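Peer 1: Handing you a structure now.
The values are calculated or read from the model by the stated rules, or taken from the named source; none is laboratory data. Treat the numbers as computed from the prediction; the structure is a model and nothing was measured. Note that each Cβ is placed from the backbone with ideal geometry, even for glycine, and that neighbours are counted across all protein chains shown. These accessible areas exclude ligands, DNA and RNA; they are computed on the full protein's heavy atoms, side chains included. Shrake-Rupley method; radii C 1.70, N 1.55, O 1.52, S 1.80 Å.
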Amino acid sequence: MKPAAIGPDKKINTPSKPRSWFLEIWKHRMTYTLLLPGLIWLFVFAYMPMGGLSLAFKHYKANMGIWGSPWVGWENFKYVFRDPTFIEAIWRTLYVNIIKFLISFPFPILLALLLNELRMGKMKKVFQTVFTFPQFLSWIIVSGIVINVLSYDGLLNSALSMLGLSTINFLGSERMFLPMLILTDIWKSTGWGAIIFLAAISGIDQDQYESAQIDGASRMQQIFKITLPNILPTVTVMFILNVGGLMSAGFDQIFNLANAATQNVSQVLDVYIYRITFQSSTDFSFSTAVSLFRSLVNMILLLSADRIAKMMGGDGLFR
C-alpha cells in the first residue's frame, strides 16, 4: 500500500526552534558539559569585567564605587590626548612591537621546518623539548638570567675583563635595549610558536612528498613547493593574531628588563598605563580611558590585517 498523501490541510508536527535547540543540546550533552567550565571562565573573567570600561567615561570616586561615580563623558579622553607622554608612548609601542614582530615572526616557522627535516625521532624530540623549555620560564626569571650575564660584573663582562678587553654597559645602553628585547623574545618564544607550525606540517598528506620524491624533487624543493604552501593558512592566522596584539604585547618583558637608564626607550603604552595607575596619583578613570583606546587600536589592526590577508587571496579569521 502506498502511504497516504499529505493534503494541504494536513501539517507535519515539527518541534519548535527552542525545543529543537534543547533536543540538540541534550543529544550532545557530554560535549557541552566539557565546554561548560571554559564557558564559565570566559564569562566571569572576560565578559563581566567589561562593565568596568564605563570608568573611562566617569570620574571615579572610591567611596561611590564604579556604578555610583559621576559621568564625565569624553573628558578623560581629552586629557589623554593632551598628554605628550601618551603620544610618545603610542609611537614607541608601535615602533618596538613592529620591529620585534618583523624579526621574530619568521623564527618559529624556520625552526618548525628544520625540526621537520630531522630524520632521527629521538633527537627531534630532544631538540623540541630544549627549544620549548624557555617558554615555561617567567620574564622575572629570564630578566634575572639576563642581568647576571650582561651586568657590569656579570658573566660576559667578566670574560671580557679576563681577555683584557673593555667592559660594555649592556643593560644601561639605550642603543642596546631594543636588540636585547628582540633576542630574549626569540629565545623565549620561538620553540613554543614552532609547535603550532609543526602541528600544521604533520597534517600534510604524505603522498605529496612521495610523488615529489618520485619526480626527483630535492628536500629544498619539497619545502618550498609542498610544506610552505600547505602551512600558509596557519601562517596567515598567526600573522593576523600577532598584528592584533601590537599595541599590548611585551609588558612583562619590558617591565622586567627596563631600568632608570633605559626609561626613555622603554616607555611603551602598557608601561605608561602602569605608571599612571600605580606610581603617580591614582586615577583609574584616566588609565581605563588609555586601556580602552589601546584595545580599540588593537581591534582596528586585527580587522585591517584580516582584510589585507583576504585581499591577498588568503583565509582570514572572519567570513
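Peer 1: Under the condition of being among the charged types (D, E, K, R), part of a helix (DSSP H, G or I) and more than 20 Å from residue 182 (Cβ to Cβ), which residue from region 87-124 is farthest from the chain's Cα centre (by Cα)?
Peer 2: So the residue we want is 122.
Peer 1: Would you mind stating whether residue 135 is modelled with pLDDT under 90, surrounded by 12 or more Cβ atoms within 10 Å (Cβ to Cβ) and closer than 28 Å to residue 233 by Cα?
Peer 2: No.
Peer 1: Just to be sure I understand, how many residues within region 92-103 are touching a helix residue (DSSP H, G or I) at 6+ places or on another chain (Cβ under 8 Å) and either surrounded by fewer than 20 Cβ atoms within 10 Å (Cβ to Cβ) or under 16 Å from residue 298 (Cα atoms) (or both)?
Peer 2: Number satisfying all stated conditions: 6.
Peer 1: Which residue is nearest to residue 193 (Cα to Cα), if the candidates are limited to region 260-294 and must be open to solvent by 60 Å² or more (accessible area, probe 1.4 Å) and outside any loop (DSSP other than H, G, I, E, B)?
Peer 2: 274
Peer 1: Out of region 29-52, which residues are touching a residue at least 60 places away in the same chain (Cβ under 8 Å) and open to solvent by 70 Å² or more (accessible area, probe 1.4 Å)?
Peer 2: Listed by number, the list is empty, since nothing qualifies.
Peer 1: Same structure, new question: Could you check how many residues of region 208-259 are more than 22 Å from residue 290 (Cα to Cα), in a helix (DSSP H, G or I) and either of a type in the set (Ser, Thr, Tyr) or within 15 Å of the chain's Cα centre (by Cα) (or both)?
Peer 2: Summing the residues that are more than 22 Å from residue 290 (Cα to Cα), in a helix (DSSP H, G or I) and either of a type in the set (Ser, Thr, Tyr) or within 15 Å of the chain's Cα centre (by Cα) (or both) in region 208-259 gives 10.
Peer 1: Taking into account only those residues within region 71-91 that are without any contact (Cβ under 8 Å) to a residue 60 or more places away in the chain and more than 14 Å from residue 53 (Cα to Cα), which is least open to solvent (accessible area, probe 1.4 Å)?
Peer 2: 83
Peer 1: Any idea which of 109, 98, 66, 87 is β-branched (Val, Ile, Thr) and at pLDDT below 85?
Peer 2: Matching residue, one of 109, 98, 66, 87: 66.
Peer 1: A further question on this structure: For the list (1) within 22 Å of residue 96 (Cβ to Cβ); (2) open to solvent by 80 Å² or more (accessible area, probe 1.4 Å), I need the number of the one condition that residue 220 fails.
Peer 2: Going through the list (1) within 22 Å of residue 96 (Cβ to Cβ); (2) open to solvent by 80 Å² or more (accessible area, probe 1.4 Å), residue 220 breaks only (1).
Peer 1: Go over the candidates 166, 143 one by one and state the one that is assigned to a helix (DSSP H, G or I) and either open to solvent by less than 30 Å² (accessible area, probe 1.4 Å) or among the small types (Gly, Ala, Ser) (or both).
Peer 2: Of 166, 143, the one residue that is assigned to a helix (DSSP H, G or I) and either open to solvent by less than 30 Å² (accessible area, probe 1.4 Å) or among the small types (Gly, Ala, Ser) (or both) is 143.
Peer 1: Of all residues being of a type in the set (A, V, I, L, M, F, W, C) and under 19 Å from residue 53 (Cβ atoms) in region 260-277, which is farthest from the chain's Cα centre (by Cα)? Just the residue, please.
Peer 2: For region 260-277, the residue satisfying everything is 276.
Peer 1: Outside any helix (DSSP H, G or I) and either open to solvent by 30 Å² or more (accessible area, probe 1.4 Å) or within 25 Å of residue 103 (Cα to Cα) (or both), is that true of residue 191?
Peer 2: Taking the combined requirement at face value, the residue does not satisfy it.
Peer 1: A further question follows. Out of region 224-243, which residues are under 17 Å from residue 199 (Cβ atoms) and open to solvent by less than 30 Å² (accessible area, probe 1.4 Å)?
Peer 2: Listed by number, the residues that qualify are 226, 227, 231, 235, 236.
Peer 1: Also, I was wondering about something else. Output the residues belonging to region 125-140 that are outside any loop (DSSP other than H, G, I, E, B) and either in contact (Cβ under 8 Å) with a residue 12 or more places away in the chain or touching a Pro at 6+ places or on another chain (Cβ under 7 Å) (or both).
Peer 2: 127, 128, 130, 131, 132, 133, 134, 135, 139, 140
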